[in-house]
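Below: one structure, written as structure tokens.
The values are calculated or read from the model by the stated rules, or taken from the named source; none is laboratory data. For clarity, every value in this text was computed on a predicted model and none was experimentally measured. Positions of Cβ are generated from backbone atoms using ideal geometry, with glycine treated the same way; all protein chains shown enter the neighbour counts. The area values use the complete protein model at the heavy-atom level, side chains included, leaving out ligands, DNA and RNA. Shrake-Rupley method; radii C 1.70, N 1.55, O 1.52, S 1.80 Å.
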Amino acid sequence: MQPTLTEADVAMIRADFPILSTEVNGRPLVYLDSGATSQKPLSVLDTERDFYLSRNSAVHRGAHTLAALATEEFEEAREKVARFVGASADEIVWTSNATEGVNLVAYALSNLPAGSELALVPGDEIVVTELEHHANLIPWQQLAQRTGATLRFIPVDDEGALDLERAPITDRTRVVAFSHVSNVLGVVNPVAELVARAHAVGALVMLDACQSAPHLPLDLHALDVDFAVLSGHKMLAPTGIGVLYGRNRLLNELPPFLTGGSMITTVTMESASFLPAPQRFEAGTQRVSQAIALAAAVDYLTGIGMERVAEHGSRMSRQLIDGLSAIDGVRVLGARGAQRVGLASFAVEGIHAHDVGQFLDDRGIAVRVGHHCAQPLHRRLGLTSTTRASGSVYTTEAEIDFFLEAVADSRAFFGVAS
Amino acid sequence: MSDLDGLYQQLILDHAKNPHGRVPLDSPTSQSHQVNPTCGDEVTLSLRVENGVIEAIGWEGHGCSISQASASLLATLVDTLPVAEAESLLEEFRTAMRSRGQIELDEDRFGDAIALNGVSKYVARVKCAMLPWVALEHAMAG
Ligand SMILES: Cc1ncc(COP(=O)(O)O)c(C=O)c1O
């Protein structure tokens, strides 16, 4: 296999995504909002449809043939996704998205009986970073409120790089939560160093892998994190399915978050005992079609090869960063020279991000505008909103060129070009 | 005129660059702060109402050219108006903005602000144009 995706490869990939051949506003769609949610290939859509057409039934609940087939497929999906992220199947908990995964861990921690080794108490500290998505910030703020622990954060410098020298990781730190790749900056964070510092003080690590899983080979065991979350819809799968990874030993030490059917062994009118992980955290009827569709998405990415996906992403990133930096009055967020995925946020001097996005939309270009669920980072960088372009395996060099030209043209349209 | 040129008429871009009434107001009788949570745009609008008449209006904030121009045009429009009349303008403005391009603002009543007519076709931008008007509504009510 070639180490890179050629133009012909990308053209073949695009044929699997019918939405990419549609028009918006009379212009061919140029979809540069994959960081918010990716498009889905036919194989993923067909997998979900085929399941409903021929095998639909509830898992872990019936003795009939379809139920057995569905259960088998559901558990095979778990194994496939586990392999994809470098974990074992009993460490993979299905969630609806990454947000639910973070909340699950935060609530399980506060559901621990007092005196448990992992329980947080006043005086303990939770450390996040200033560049987190709200999904990996607010659940920790809330956990701190429930337990009396204190939330602290690793600040970013003026360029948006994590200032590790000022990381408040101390003997009091119990949890360190951070993103693998920032959804605003596209920059890969120093996981190894943060994990080493967290573990040196006995803290648990939660890694938000939402923006890395679609773009980089992921090996959670090698990264040595304790928990990780991701969202299927950002990696070619449907909405409604996500993954929480947890070290098997840790998952089995935690009490459930949601309770009900499918997560119990014996139930009386007074009490219940719970299944081991992962079922302990999967209360209620499960998202079967979405889970097997996520496995199909993983097959699709593996078929391309994650090394090639990553190389494609870093090429996109260079084209985005170089191209945007060359436009007068454009400020690209994030430190120069950092390792990145194919995602860039920027501000055009004198034009509000909403207006930039509207101008691009008129040319069929879909981008994200706003604070991208990272208000503290924007505030730190002195901005309220930015425009973000984010690509995927189906993004072409020509699309990024077309986008760059449109950004340059927006300056003349809004009368800020000199 | 393309839809985009219709949305961003020169008058709108001019108002966004050099807005009217964008000043803090001395001794306001009421005030409202509104935020658009999807984009972070904010406006704080202050009124001095005496005997049922808007004697002075001022606003501060930041946002896209549509929200800024809308605030600027609003400030020129309702300054010195009786509150009851500003309320009826607000209702007409809201109806036009929500009409998906079906209902236009009356030029006799809205003057230059008819430049905002193009907004109503852009469903996602209606809340930008409405932001200062919602602030006006709350300020008049409070
Ligand atoms: C870095 C990061 N973390 C968390 C999330 C939350 O994902 P979801 O909304 O699918 O739970 C997102 C995406 O919105 C993200 O980009």
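Using alpha carbon centroids, what distance separates segment A:348-390 and segment A:212-238, in Å? A separation of 26 Å, based on Cα centres. Of the Cα atoms belonging to segment A:46-302, the radius of gyration and Dmax stand at 18.6, 61 Å. Length available on full extension from A:ARG61 to A:ASP46: 0.36 nm per residue minus the Cα-Cα distance, which gives 2.9 nm. Report note on the peptides A:263-269, A:31-37: ranked by the mean count of other C-beta atoms within 10 Å, highest first, their order is A:31-37, A:263-269. In this label model, A:ARG318 and B:ASP79 are separated by 5.6 nm, measuring between points 7 Å along each Cα→Cβ vector. Checking every one of the trypsin sites (Lys or Arg not before Pro) in segment A:30-131 against DSSP loop status and a limit of 14 other Cβ atoms within 10 Å picks out A:ARG61. What spacing in nm lies between the two simple spin-label points modelled at A:THR266 and A:GLU193, each 7 Å away from Cα in the Cβ direction? Those two pseudo-labels are separated by 5.3 nm. List the residues of segment A:315-358 whose backbone N lies under 18 Å from a point placed 7 Å from the Cα of A:ASP401 along the Cα-to-Cβ direction. The answer is A:315-327, whose backbone nitrogens lie closer than 18 Å to the label point. Working from label points 7 Å from Cα in the Cα-to-Cβ sense, the B:THR29 to B:ASN51 distance is 1.1 nm. Computed over the alpha-carbon pairs of segment B:59-128, the distance histogram in 5 Å steps reads 3, 17, 28, 27, 18, 6, 0 percent, short to long.
Per residue, the solvent-accessible area of segment A:182-284 (1.4 Å probe, heavy atoms of protein chains only, all protein chains present) comes to 34 Å². Between B:LYS17 and B:GLU91, the FRET efficiency estimated from the beta carbon spacing at R0 = 41 angstrom works out to 0.90.
Over all Cα atoms in the protein assembly as shown, the spread is summed up by Rg and Dmax: 26.2, 80 Å. Computed over the alpha-carbon atoms, segment B:3-141 gives an Rg to Rh ratio of 0.94, Rh here being the Kirkwood radius from the mean inverse distance. Amide H to amide H distances under 5 Å link B:HIS62 with B:GLU42, where only residues 5 or more positions off or on other chains count and H is placed in the peptide plane. Treating r as the C-beta distance of A:ARG166 and A:ALA222 and R0 as 35 Å, the FRET efficiency rounds to 0.80.
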